[in-house]
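Chemist: Can you read through this structure? Questions will come right after.
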Amino acid sequence: MEDLGRRIREARQDRAWTLDELSARSGLSTGFLSEVERGQSSLSIVSLASICGALGVPIEGLLSSSGPLAAATSRVTRADEQLRIQIGDSPVSYRYLTSQLPGAPIDELLIAELPPDAQQEPQAHKGEELGYVLEGTLTLRAAGDEVSLSAGDSYRVRSSEIHDYRAGPAGAKVLMAVTQRFVDVARQRPTRRARLHGRAAVGEEDHGAN
């Protein structure tokens, strides 16, 4: 991380900023930034993005990548085709499961567990869906295309595309990120009547146990 830290320090000094000023602009502590510049602390992609945003330098120049991040992608991205990036000599690396999703905030993150040979009926929903096969095999059909996926593969289904899945003989476990909220959990405090009803029920159970 020494070379990366040196480049960050040089960019800061080119702007005649102190560590305190970079800290104020990036939201990262002065002590942490000092360690980064001296190569004594590793950076996450989130921290590096904060520093680059504050300095006004492109993050692409401060990390190593297996290739460019495509502006568009095919429906399926095989495990060995996913873009891999690494920050300096950090032991942590990142994989992009798809191209970027501008204007598509993730509303739900869930894991679908499909039993062996289970099949979902064809359907379409609002927003977009990104899936990553954790275990097993999966056949995806979308907009007339059919493709088989194994653990490590990822896929992307765009808005209004009719799609369905079929799990393989061993079932499948799929991590799904969806830009539509399916379940809206009400975060409301119970009413006084509901609380009293609950206490009464508890009292009845206790009474019945005696």
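Chemist: Based on the mean of other Cβ atoms within 10 Å per residue, sort peptides 130-142, 34-46, 108-120 so the most packed one is first. Could the numbers behind the result be given before it?
Modeler: Numbers: 130-142: 19.2, 34-46: 16.2, 108-120: 12.8.
Descending mean neighbour count gives 130-142, 34-46, 108-120.
Chemist: Relative contact order (percent) for the stretch 15-146, with alpha-carbon contacts under 8 angstrom and 6 or more residues of separation? Spell out each step's value before the answer.
Modeler: On the way: 86 pairs, mean separation 19.4, N = 132.
So the answer I get is 15 percent.
Chemist: In debye, nearest 20: dipole of the stretch 1-55 around its Cα centre with unit charges on the Cβ of K, R (+) and D, E (-)?
Modeler: That gives a dipole near 80 debye.
Chemist: A follow-up question, please. At 7 Å along Cα-to-Cβ for each site, give me the label-to-label distance between GLN86 and VAL46 in nm.
Modeler: The modelled label-to-label distance comes out at 2.3 nm.
Chemist: At 1.4 Å probe size, with the rest of the protein present, what percent of the exposed accessible area of the stretch 1-156 is carbon and sulfur atoms?
Modeler: Details: 4270 of 8640 Å².
Heavy-atom surface of the stretch 1-156 belonging to carbon and sulfur, 1.4 Å probe: 49 percent.
The values are calculated or read from the model by the stated rules, or taken from the named source; none is laboratory data. Source: prediction; values computed, not measured. For neighbour counting, all protein chains shown are included, and Cβ atoms are generated from backbone atoms with ideal geometry for every residue, glycine included. Please note that ligands, DNA and RNA were not included when accessible areas were found on the heavy atoms of the full protein model with its side chains. Shrake-Rupley method; radii C 1.70, N 1.55, O 1.52, S 1.80 Å.
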